[in-house]
Amino acid sequence: MHHDCPICFEFLFESRQNVTVLPCGHTIHTNCLKEMRDHFQYACPLCSKSVCDMSKVWEKFDEEIAATPMPQQYQNKMVRNRLDPLQRLRDKISSSVSCPGSEMPELQVIQY
């Protein structure tokens, strides 16, 4: 705690305000954390790890995405970034893995 609050920059060791330890181990004033949450900021300002359990939020996002139909013009299309350095490794792995009953439809690859 011998450092500044990442929000208000007050020295935490000498502060009279309550201090909270985040799940990542960083410390912050309790009021500053509340202010962050009031502004929908749920990540540690120092390391960007979640400051609370976000699993329910991600489940809602997944449900919303699953319920949204893909427009016809984009069905069976995949975009691949040519600058992705791991793409060849992914292609090699996916071509060597075979799972019965998991055949994927032919995809049109669009590179940009």
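In what sequence do SER50, SER55 fall when counting other Cβ within 10 Å, fewest first?
Values: SER50 15, SER55 9.
Sorted ascending by nearby Cβ count, the order is SER55, SER50.
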- Task: Mind running the shape call on segment 12-52? Use the C-alpha gyration tensor, a ≥ b ≥ c as the square roots of the eigenvalues: rounded below 1.5 for a/c, prolate if a/b tops b/c, oblate otherwise.
- Result: oblate
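Every read-out reported here was derived from the displayed coordinates using simple, explicitly stated rules and does not represent laboratory data. Keep in mind that this is a model prediction, so the values were computed, not measured. Cβ atoms come from the backbone with ideal geometry, glycine included; neighbour counts cover every protein chain shown.
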